[in-house]
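Reviewing the structure listed below.
Values in this text are rule-based calculations from the coordinates and carry no lab data. None of the values given here were measured: they were computed from a predicted structure. Note that we place each Cβ from the backbone using ideal geometry, even for glycine, and neighbour counts take in every protein chain shown.
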Amino acid sequence: MQHKLQVEAIQHGSVIDHIPVQQGVKIIRFFNLTQTDEKITIGLNLATHTGQQKDLIKVENTFISDEQANQLALFAPRATINQIKNFKVVHKFQVQLPDSFIGVLACPNSNCISHHEPVDTRFYVKKKSTLKLKCHYCEKTFDHSFFRELD
């Protein structure tokens, strides 16, 4: 049986793999990846070797920082980042959910002081298995599906 690549290889850059289905487009928007001149390959609903599906993003000539990788955990807590040089993986790591997020998300509570004062939002990770975040200012806890990214 002959196998072929579903997504073209890149020479230099980053591959974000093992993204849950329907999260790839959110990650593209969150990191403003459409605002670059670099080649971006997006694979949606790709089959895995286990018969599941996943999304995948390849960005040429761009390397994902540790901070960005941690922010990725909001959307894809089991994602892996492959850094590619000369078509070879030179570094591979799994995203890690940080203890807090600062200046990344807007608080869903419209009465929160973070909407009315010039402060960076701050959320603490309260529960990792089903991702719940607690606002530093209003002290309310939210499921991650209630959040929107800051503009």
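Miscellaneous remarks
- Packing-based exposure ordering (other Cβ within 10 Å, fewest first) of 19, 84: 84, 19
- The mean sequence separation of alpha-carbon pairs under 8 Å and at least six residues apart, normalised by the residue count of the chain, gives a relative contact order of 20 percent.
- Remark: 122, 29 ranked as 29, 122, counting other beta-carbon atoms within 10 Å and listing the fewest first.
- Across the range 20-35, rounded Karplus estimates of 3J(HN,Hα) from the backbone phi angles (6.51 cos²θ - 1.76 cosθ + 1.60, θ = phi - 60°) give x, 3, 6, 9, x, 5, 4, 5, 4, 5, 4, 8, 6, 5, 7, 8 Hz, Gly and Pro being marked x.
- Across the range 59-71, rounded Karplus estimates of 3J(HN,Hα) from the backbone phi angles (6.51 cos²θ - 1.76 cosθ + 1.60, θ = phi - 60°) give 10, 6, 6, 9, 10, 6, 7, 4, 4, 5, 4, 5, 5 Hz, Gly and Pro being marked x.
- Reachable aspartates and glutamates, given that their alpha-carbon falls under 14 Å from the alpha-carbon of residue 92 and they are not under 8 places away in the same chain: 17, 66
- A value for Cα extents along the principal axes in Å was derived from the coordinates, and within the list (1) 58, 33, 22; (2) 99, 44, 18; (3) 40, 37, 24 it appears as (1).
- Whole-Hz ³J(HN,Hα) from phi, Karplus 6.51 cos²θ - 1.76 cosθ + 1.60, for the range 123-135, glycine and proline x: 10, 9, 6, 9, 9, 8, 5, 10, 5, 10, 10, 10, 6
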